[in-house]
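The values are calculated or read from the model by the stated rules, or taken from the named source; none is laboratory data. Everything quoted here is computed from the prediction, not taken from an experiment. In this analysis, Cβ positions are derived from the backbone assuming ideal geometry, glycine residues included, and neighbour counts consider all displayed protein chains. These area figures cover heavy atoms from the full protein model, side chains too; ligands, DNA and RNA do not enter into them. Shrake-Rupley method; radii C 1.70, N 1.55, O 1.52, S 1.80 Å.
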Amino acid sequence: MKKSLLQKFLIASIFTGICTTNALAEHSFKLAYALSKDSHYGVAAHALEEKLDEIAPKEFKVEHFANSTLGGEREVIEGIQLGTIDAAIVSTGAVLNFVPQVGVFDIPFLFRDLQHARKVLDGKIGQDLLKEFEQRNIIALAWGEQGFRHLTNNKRAVKTPEDAKGLKIRTTENDVHIQAFKALGILATPMAWPEVAPALQQGTVDGQENPISVIVSMKLNQIQKYLSLTGHVYSPALVLFSPSFYNNLTPENQEKLKEATKVAVVAMRKYVDEVEASGVKTLKEAGMNVTEDVNRAAFAKIVKGIYPDYYKRYSKELIDSIANTE
Ligand code: PAF
C-alpha cells in the first residue's frame, strides 16, 4: 500500500525523534496572556510548561498566545467561560465584572507591601475567594501578581494629587479603581489593554497606570515621558482554566496541573521581586522622568474618604481583616 506524504513524515519523525512526546500529548491547551513572552506572565507560562514537561510529558502540551493575541482580558475571560480558551493568566482588572467579590483586593491603599498582599492571597481570605470562581463557570487555580500600580503620563511630573487632577488616564475596566481615580479628580478612561498603546501614542489619553513589571516588559518608556511612583494599588494576577478543559481531566492530571500552576506563580512573584528592585533604574536609564518622592499620604487620604462606599460593597469587617493581616 502506498503511504501518504503525511504518514511518511510521521513515521520518520517518530524514528528520528523530531516528534517529541510532548507533541503527542493528550491534552493540548491554549494559554492566553496580555503581555510578552519575557514579561512576568510569559515567565510564569514557561514555568508552567516546563513543570508539566517534567511531571506529565505525555499528558499536556501548552500552546502560548502572548501579547493579547486572543483579545483583551475581558474577552479572554468570556472565552474561558465558553470553553473557546482553555487557560489564561490575567490581572484582576476585568475580573470583578465576572466575580464581583474579587474587587475587594482592588481597593487602593489597602495593602502595605508585597508581603502583606501575598499573605492575604495565600491565606484563608484569598483561597476562599478562588472557590467563588466556580459559580461563574471559571476555575481559578492560583493567585499570581504584578506588583503595585504606578502612574505614567505624557503631560507632567506628578508628585501630589493636585498634579494628577485633570489628567486623562486609561484605567482597567474596574469600577473599584475608577471610583478612586474620580475622587482624585482624574479623568478615568476605562479601556481594554490592546487599545492602550495606540491611545497613548495618539494622545487620546494622557497616561495609564500599571506596575513596574508591565512598564518595563512592555517598554512603556518609549511612549510615556513621566513615571510617578504612586503605588496606589496592589495588582493581583490569576491563573484561570476553563471548566470544559479542566473538568475533563482525570483527578491525577488535575493535581499535576495544580502542582505546575504553583510553580508558575512562584516564578511570577520572583520576576516581580526582581523587577521591583531594578526596574526604576532601568526606566531612568531609558530616559524616563521618574518622580520617586510622591506624596502618597496625600493620595491615600483622599481615597480613604471613599472607603465607606467600599465598606457598603464588601463589608467593613472583611476590609479591616485584610488591612490588619500581619
Ligand atoms: O492594565 C491592564 O489591563 C493589566 O494590568 C495588563 C497590562 C493587561 C496586565 O494584566
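Here are the numbers for the structure shown:
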read-out: Some residue of segment 294-306 being more than 16 Å from the ligand (Cβ to nearest atom), outside any helix (DSSP H, G or I), open to solvent by less than 30 Å² (accessible area, probe 1.4 Å) and farther than 16 Å from GLN146 by Cα; value: yes
read-out: Count of residues meeting criterion [on the phi > 0 side of the Ramachandran plot and either buried (at least 19 other Cβ atoms within 10 Å of the Cβ) or in contact (Cβ under 8 Å) with a residue 60 or more places away in the chain (or both)] in segment 41-87; value: 3
read-out: So ASN247, is it open to solvent by 70 Å² or more (accessible area, probe 1.4 Å) and closer than 30 Å to VAL104 by Cβ; value: yes
read-out: LEU129 being within 16 Å of the ligand (Cβ to nearest atom) and more than 15 Å from the chain's Cα centre (by Cα); value: no
read-out: Which listed residue, of VAL233, VAL214, is among the aliphatic types (A, V, I, L, M), buried (at least 18 other Cβ atoms within 10 Å of the Cβ), touching a strand residue (DSSP E or B) at 6+ places or on another chain (Cβ under 8 Å) and part of a helix (DSSP H, G or I); value: VAL214
read-out: Selected residue (criterion: most open to solvent (accessible area, probe 1.4 Å)) from residues of segment 147-162 that are in contact (Cβ under 8 Å) with a residue 40 or more places away in the chain and away from the ligand (no atom under 16 Å from the Cβ); value: LYS155
read-out: Close pairs from segment 120-146: first farther than 20 Å from ALA44 by Cα, partner open to solvent by less than 10 Å² (accessible area, probe 1.4 Å) and in a helix (DSSP H, G or I), Cβ under 7 Å, at least 6 apart; value: VAL120/GLY126; VAL120/ILE322; ILE125/ILE322; LEU129/VAL102
read-out: Residue that is farther than 20 Å from ARG313 by Cα, touching a residue at least 24 places away in the same chain (Cβ under 8 Å), in contact with a helix residue (DSSP H, G or I) (Cβ under 8 Å, 6 or more places away or on another chain) and crowded, with 20+ Cβ neighbours inside 10 Å, where the choices are VAL90, VAL102; value: VAL90
read-out: Residue check for LYS281: charged (D, E, K, R) and either within 15 Å of the chain's Cα centre (by Cα) or crowded, with 21+ Cβ neighbours inside 10 Å (or both); value: no
read-out: Filter result (aliphatic (A, V, I, L, M), outside any helix (DSSP H, G or I) and within 14 Å of the ligand (Cβ to nearest atom)) within segment 163-209; value: ILE169, ALA188, MET191, ALA192, VAL205
read-out: Helices (runs of 4 or more DSSP H) lying entirely in segment 1-115 (those with 3 or more residues that are at pLDDT below 95); value: 5-16
read-out: Among residues of segment 189-211, those that are open to solvent by less than 30 Å² (accessible area, probe 1.4 Å) and either under 19 Å from VAL95 (Cβ atoms) or within 15 Å of the chain's Cα centre (by Cα) (or both), counted; value: 7
read-out: Some residue of segment 57-65 being within 13 Å of the ligand (Cβ to nearest atom) and within 18 Å of the chain's Cα centre (by Cα); value: no
